[in-house]
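Shown next, in structure tokens, is the structure this report addresses.
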Amino acid sequence: MALKEISPHGATVDVENFETLESFSLPSNAGTMEMWLRGEKPRPLFFKEWLPACFERRLDFDDWRLGEAILSWILTGPEGKVRLTLSSSELVFQQYFHDSFYLNSPSLLFDQDFDVARSQWFKAEMSEFDGVTGINVHPEAKWDERRYTLPARLHSVSLSLSHNMELAVLVNGEKVISQNCLYDLHHHQLQLSDSSGYCSGVLSAPMPREVNARVDVEASHQAMLGFGGTTIPTAYAELSEAGRRQFWEYVEDYNLRIQRENPIAGELSEEMDNWDDLDDAIPHYYGDSFPNGNISDFSLNREFIQRGGEVWFEYWHFPKWMVRDGETFVDEKGKERPDPVRVDEYARSIVEYCRRAVKETGQPPRIVGIQNENSHPKETYHAMVLTLRQALDKAGFEQVRIHMSDANMLSTDSEWGKLYADGITRAKTFTERADVWEKVDYAATHMYDFQEYFDDPDRFDEPMKQLHSLYGDRPFLSTELCVNSPRYQMRSYRLALLMGQLSHKNLVLLDAVALLYCWTLLNVEQPSYGWTRSLLAIDRESGFSAKPSSHQLRVFGAWSRRIRKGMVRVEVDCDDSDLLITAFVDDQGGQTLVAMNRGNSPVSLNIQGLDMEQFKWMEEVSPYAPSLSRRITDSIECIAIEPGVIRTLTNIPLRSV
């Protein structure tokens, strides 16, 4: 995978707004120590802090006399490390991965003559040995390396890790190196190669910035339907009884009450008698996983409904008996495609599904979508809306609502949007006929092209506003949120933080009334599909239980846990673009405020316009806190928010199982 160069967003730092965290002096008074496989070395300095998700740290030198020695600044995390080495004349900046058996030497691991292989490996390691970090006895591989010639007078070296996946080095306040870095970093340390050199100074960090926000409860926006995703029936079937109880605890705790059906679609029999036959489940493309795709489970749906949730229904592919052979059309991207829909059969099948749902669960789906992602001529889309509405009403399902077909992408300007259906073009299709748009209750789209904007998420604001201008005051459903680009398959908190920014933008820029992650529960073999596609996965090693598959659940839950159905979003005005705030209230005095600090410095937040005495709980989401909640016992004057932290203030109690 090729690395993407990120353009610098500024060349200098504000020296006045940094504070000292810790002083350093190397070699230290402790002198040298014998280190295994490293020999006699000066004692390393291990900084005491746990690094926040996003940060800037700076080494300010007051004495710098390295001579022939090498100073290493090493930052480590579960998946990899960053190593910055300084000699008298050069800075070398490296990224490593160390989380895979694959990074070992195959000859060392599998050669039949192990002693010979080990000897060859040791000689190879010694040829690369720089006298600083020692010889690796764990899997590790260098991912990227950059070099920079140091100036004659070195005052400071800074390293920043930002929400947009940028890892940058600044020398004397000027940005000199920029890389992509997907993994998280937790610890850092300084090492000196030998006692011939000397350096001293302080480790400094940005001081908290004062931020003011005002909530206007009179300026109201959308009323929420809720949060959820698709629980795969084949995954739910894998859970043990204890695992199912645990799954429903997560559903209740994280308020994931919307079950979006991906019905059997292409394998549906013409008699429509196999909606929920798990043997007919259609696999997705998720590696070598067992079938984790399109199928229904009415007993699962009934459980959602009995717990106060709801079910949405939408086809992806159509069964063969619902298509016409030989007819094609040119779609909005200029591609020739088959035009498959026998519209009467399409509408009839959805009505039959509604009847079966009533029989099995007690009620029909609350919302049905026209079709997931697939493209049709505008005339076909119009006919699908009108025919479906007529068929539902005739069958007595007037209360079932319809959402427009949700495209893969949002923007026509993105690279993916040029290849696949996009929400802006599709919204134009559905809104151009007043009689059709009158029958559509909700606008909707996916927005997988947001991944193209990870380096600068705010560039996505403009196409979002363009989409909103098309559907106007029609409620909006954000029907699939997840990361599916091969570029970003990591169990990374900052990746989840980027998706949290997308959640915020959906609520604020699109007035979304519902946010749905792609999958709520998924059964996978290759773990990366759980890391990025799903909130929960099957933990087979713990008795087939349900567990969070990555950091995505905790970030998604920063909004879902304490924003209830019926709560209304109110206007928030904030004077800091790196602090993203949403606020919701209800007519019973309930209120929830969610604030994300995506900057590299701490925030001290002052809030006006809400009764701060009404807040009862404060929650924190971070790399170290999965929705950590504490009771508020003192009056709140200002709120401290570390970089990369999402802070929730609320008086809405959590649901219990």
Out of all the residues in the stretch 505-536, which are among the small types (Gly, Ala, Ser), touching a Leu at 6+ places or on another chain (Cβ under 7 Å) and assigned to a helix (DSSP H, G or I)?
GLY530
Index of the failed condition, VAL524 passing every other in (1) modelled with pLDDT under 95; (2) β-branched (Val, Ile, Thr); (3) within 19 Å of VAL594 (Cβ to Cβ):
(3)
Being modelled with pLDDT under 95 and among the basic types (Lys, Arg) narrows it down to one residue among LYS465, LYS378; which is it?
LYS378
Condition met for VAL524 (touching a residue at least 12 places away in the same chain (Cβ under 8 Å), closer than 22 Å to ASP441 by Cβ and not basic (Lys, Arg)):
no
(1) at pLDDT below 95; (2) over 35 Å from the mean Cα position of the chain (by Cα): which one isn't true of LYS333, the others all being true?
(2)
Give the stretch 80-110 a look and list any residue that's charged (D, E, K, R) and either more than 26 Å from TYR624 (Cβ to Cβ) or at pLDDT below 95 (or both), or say none.
GLU90, ASP99
Here are some conditions: (1) over 22 Å from the mean Cα position of the chain (by Cα); (2) among the β-branched types (Val, Ile, Thr); (3) surrounded by 15 or more Cβ atoms within 10 Å (Cβ to Cβ). THR582 meets all but one. Which one does it not meet?
(1)
Yes or no: THR648 at pLDDT 95 or above and farther than 20 Å from LEU495 by Cβ?
yes
If you go through GLU261, GLU218, GLU238, the only one that is farther than 16 Å from ASN523 by Cβ, over 25 Å from the mean Cα position of the chain (by Cα) and charged (D, E, K, R) is GLU218
Conditions (1) over 24 Å from GLU56 (Cα atoms); (2) under 27 Å from the mean Cα position of the chain (by Cα); number of the one not met by PHE615:
(2)
Pull out all pairs, ordered by first then second residue, where Cβ-Cβ is under 9 Å, the residues are six or more apart or on different chains, the first lies in the stretch 598-612 and is free of Cβ contacts under 8 Å to residues at least 40 places away in the same chain, and the second is crowded, with 22+ Cβ neighbours inside 10 Å.
ASP611/GLN591; MET612/LEU649
Just to verify a result, which residue in the stretch 39-93, among those that are assigned to a strand (DSSP E or B) and among the basic types (Lys, Arg), is farthest from ALA141 (Cα to Cα)?
ARG65
Residues being free of Cβ contacts under 8 Å to residues at least 24 places away in the same chain, more than 19 Å from GLU238 (Cα to Cα) and surrounded by fewer than 13 Cβ atoms within 10 Å (Cβ to Cβ) - total across the stretch 263-283:
2
Can you confirm whether TYR254 is under 30 Å from PHE55 (Cβ atoms) and in the same structural domain as PHE556 (by TED's automatic domain parsing)?
yes
With the condition kept exactly as written, say whether any residue in the stretch 567-574 is buried (at least 24 other Cβ atoms within 10 Å of the Cβ) and at pLDDT 95 or above.
no
Qualifying residue in the stretch 564-576 (condition: part of a loop (DSSP other than H, G, I, E, B) and within 18 Å of the chain's Cα centre (by Cα))
no
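The values are calculated or read from the model by the stated rules, or taken from the named source; none is laboratory data. It should be emphasised that the depicted structure is a prediction, and the values quoted were computed from it without experimental measurement. Note: ideal-geometry Cβ built from the backbone for every residue, glycine included; neighbour counts use all protein chains shown.
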